[in-house]
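Throughout, read-outs are computed from the coordinates displayed, never taken from laboratory work. Small disclaimer: the values here were computed from a predicted structure and weren't measured. Cβ sites come from the backbone with ideal geometry, for glycine too, and all protein chains shown count toward neighbours.
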């Protein structure tokens, strides 16, 4: 996301659900993290990072920058391995919370920055750490951050940065997972040409498999003229939480009527994006006959539930390809000591953690 949008999203998350925003476990949404358990994940993460650096015969040194510190999960853990730690973040609400949770005020400080220029002199730090941060900015934002990170680390200093490289092809679910009961509530008998209407759809997972939210599963619809496909892709509503076998889910779906008058079939189905529609796996879709005619209108069904407006829904993921980054680091006088492929960005991404040393 662009810088202003990035600031707004993360400032909102820092006010509404800061711990979940840092570690987006679906089960911990809306304040579900225990603080002590959350902070312990920081100790484990930093411990693993220090071990990895040691195996490559380097360290972050005595003065360390935690870039994208959030509420200070890693900053506090870094204090066990460095004399001085500075956490920076572009979200004021995150920095405020980090200051409240600071367990090492004699070693750790938290600084707000504008997302453009880090407020430090060249070569101010022995090392820098940034994990699960850069991936949320668009490429132009990531590049600016990378240049700034290298600027503030001294020659000979070390950076450890996690950056996704590219999306991976989605993995299909087990074949028997694509089974659902789909019921359309209060289907409209008629709509004006081009009219939008928000409908209510009830879903039951009748398979014996979990539908994971991470798989990008969405409710969608088609418009059929007889048995001929008139509109393949119309509305979309994403499943934002895992759906266990037997679970019931009620979702809104906004559909747009065809532009030409006529009588059509509205078909409702589920889709595993870039894999398959549930219909193709044998699920019976929900259908309604709709007469379309007259002038364009805008309507929203009164029975439609309100959509979740949790600010986390605006979180984006972006990558920078590994070969591009190798060239960039070489150009900016930074040696790549290691590019370690790992799964920290999720199953959908080829991801690397880079160990770098400034020349």
Q. Using the alpha-carbon atoms, what tilt in degrees (0 to 90, nearest 10) does helix 139-152 show relative to the longest principal axis of the chain?
A. 10
Q) Roughly what would the spin-label model give for residue 44 and residue 359, points 7 Å off Cα along C-beta, in nm? A) 4.0
Q: With just the Cα atoms of region 187-302, tell me how far they stretch along each of the three principal axes, in Å, largest first.
A: 44, 30, 21
Q) What per residue convex hull volume, in Å³, comes out for region 69-180 when only alpha-carbon positions are used? A) 172
Q | Taking 22, 58, 85 and counting other C-beta atoms within 10 Å, the order from fewest to most | A | 58, 22, 85
Q. For region 1-146, what percent of Cα pairs sit more than 27 Å apart?
A. 18
Q) Hey, what's the Kirkwood Rh for the chain if you take every pair of different alpha carbons, in angstrom? A) 22.9
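Given only helices, namely DSSP H runs of n ≥ 4 each adding -39500 (n - 2.57), what is the per-residue ellipticity at 222 nm of the chain, to the nearest 500 deg cm²/dmol?
Counting only the DSSP helices, I get -6500 deg cm²/dmol.
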Q.
How large is the translational diffusion coefficient of region 9-62 in µm² per second when you combine the Kirkwood radius over alpha carbon pairs with Stokes-Einstein at 37 °C and 0.692 mPa s?
A. 256
Q | For region 137-191 versus region 324-359, the gap between their alpha-carbon centres in whole angstrom | A | 17
Q: Give the distance, in whole Å, between the Cα centre of region 89-107 and the Cα centre of region 43-74.
A: 17
Q. Taking Cα atoms, how many degrees apart are the long axis of helix 35-55 and the longest axis of the chain, rounded to 10 and kept between 0 and 90?
A. 60
Q: Could you state the angle between the C-alpha long axis of helix 322-331 and the longest principal axis of the C-alpha atoms of the chain, as a value from 0 to 90 degrees rounded to the nearest 10?
A: 30
Q) Which whole-number percent is the relative contact order of the chain (Cα, under 8 Å, 6+ apart)? A) 18
Q | Spin-label model distance (nm) - residue 59 vs residue 206, 7 Å beyond Cα toward Cβ | A | 6.2
Q | Mean Cα-pair separation over length for region 187-302, i.e. relative contact order, pairs under 8 Å, 6 or more apart, % | A | 40
Q: Write down the percent of antiparallel bridges among all DSSP beta bridges whose residues are both part of the chain, to the nearest 5.
A: 75
Q.
I need the calculated FRET efficiency for the pair residue 83 and residue 261, taking r as the beta carbon distance and R₀ as 56 Å, to the nearest 0.05.
A. 0.15
